[in-house]
Every structure is written in structure tokens, then in C-alpha cells.
Amino acid sequence: MPQTKKSRGFTLVEIMVVISVIGVLSSVGGNYFMSSSKRATMRACQENLKILNKAVELYNFDHGTYPAQSDWQISLVPYFQNKSVPSCPKSGLYVPAINSESGQIVEFYCTIHGRFTGSEVQLGNVGGANMTPPVPDIPVR
């Protein structure tokens, strides 16, 4: 009576197919994870800039003027819920955009993510004709 050979294990073709499928799924999933991670970082930076810009507006409401460039960190601390200046999640610097006529801060932008207006990110020119961004000298943490 002939004996039948019992199949044990997987063939090389089956293993190659499984590895190929895993590779395709991981590359698609990895790209999705990376893009969602970048979006989350951008969103966190956007929220921090909203907080900074809202603090500038509250300061203006309370004092009738915008904070000066020289002491903005000290001037704005009372307007933050946890009493510390927010920082960019990617180690960017939050730099004030200064009105060149008055020398006062009118808004902030991030050195990595740019300037947020509504739901858009503007990475180009910050401010209008009368606004110039200074060179950052102190990192905000």
C-alpha cells in the first residue's frame, strides 16, 4: 500500500505571498500614521498660537495697548491658564510679529509651522506692510 506524504509547513511561495502582503499593509499604514502624526503636531502648534494670539488680544483689552517686544513673556504669563508660555511641539520658536511703527506685538508665528489664519497655514510673508518679524533671541519653552 502506497503511503501518502503528509504536508508539513508552508511552501516558499506561500511565505513570499504573506511577506508581500504584510509589506504592503505596513507601508500603507506607516504612511497614514506619519501623516496623521504630522497633522496632530501641526494642530497642537496651531492651538498654541491661538492661545498666544488670544493672550495678546486680552492684554490689549486690559491695558489699551499691545505688549512690548522686550517683555512679552512676562506681560502675557497671567493670561495663560497654567501660567506658562506654550511651546511648539516640534521645538520651533514662537516669534512675535511686530508693528514697525509702534514696536508692539500684534501676533505670533512659529519658526517651523508658520502663521495660522483661521484654518490655513501661511509659511510665507508674516504680517502686512507695517509688520516685521524680529530675529528670535530667546527660545520659548
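Is it the case, given these coordinates, that LEU25 is touching a strand residue (DSSP E or B) at 6+ places or on another chain (Cβ under 6 Å) and in a helix (DSSP H, G or I)? Reasoning before the result, please.
On the way: touching a strand residue (DSSP E or B) at 6+ places or on another chain (Cβ under 6 Å): no; in a helix (DSSP H, G or I): yes.
Answer is no for this residue.
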If you take the residues in the stretch 49-74 that are among the polar types (S, T, N, Q) and in contact with a strand residue (DSSP E or B) (Cβ under 7 Å, 6 or more places away or on another chain), which one is farthest from GLU107 (Cα to Cα)?
THR65
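Before we move on, is LYS83 assigned to a loop (DSSP other than H, G, I, E, B) and under 13 Å from the mean Cα position of the chain (by Cα)? Let's see the steps before the verdict.
Numbers: assigned to a loop (DSSP other than H, G, I, E, B): yes; under 13 Å from the mean Cα position of the chain (by Cα): no.
Here the answer is no, as LYS83 does not meet what is asked.
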Which of the numbered conditions does GLY9 fail, given that it passes all the others? Conditions: (1) assigned to a helix (DSSP H, G or I); (2) modelled with pLDDT under 90; (3) of a type outside the set (Val, Ile, Thr); (4) exposed (fewer than 13 other Cβ atoms within 10 Å of the Cβ).
(1)
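Kindly indicate the residue of the stretch 20-65 that is of a type in the set (Val, Ile, Thr) and touching a residue at least 12 places away in the same chain (Cβ under 8 Å) and also surrounded by the fewest Cβ atoms within 10 Å (Cβ to Cβ) among those meeting that condition.
From the stretch 20-65, those of a type in the set (Val, Ile, Thr) are 21-22, 24, 28, 41, 51, 56, 65; that's our starting set.
This time we only want the ones that are touching a residue at least 12 places away in the same chain (Cβ under 8 Å), so: 41, 51, 56, 65.
Working: THR41: 16, ILE51: 18, VAL56: 22, THR65: 10.
Out of the qualifying residues, it is THR65.
If you go through the stretch 72-80 one residue at a time, do you hit one that is aromatic (Phe, Trp, Tyr), surrounded by fewer than 20 Cβ atoms within 10 Å (Cβ to Cβ) and touching a Leu at 6+ places or on another chain (Cβ under 8 Å)?
Start the filter on the stretch 72-80 by keeping residues that are aromatic (Phe, Trp, Tyr), which leaves 72, 79-80.
Retained after the next criterion (residues that are surrounded by fewer than 20 Cβ atoms within 10 Å (Cβ to Cβ)): 79-80.
Retained after the next criterion (residues that are touching a Leu at 6+ places or on another chain (Cβ under 8 Å)): 79.
Within the stretch 72-80, one or more residues are aromatic (Phe, Trp, Tyr), surrounded by fewer than 20 Cβ atoms within 10 Å (Cβ to Cβ) and touching a Leu at 6+ places or on another chain (Cβ under 8 Å).
The values are calculated or read from the model by the stated rules, or taken from the named source; none is laboratory data. These numbers were taken from a predicted model, which means no experiment stands behind them. Neighbour counts run over all protein chains shown; Cβ positions are idealised from the backbone, glycine included.
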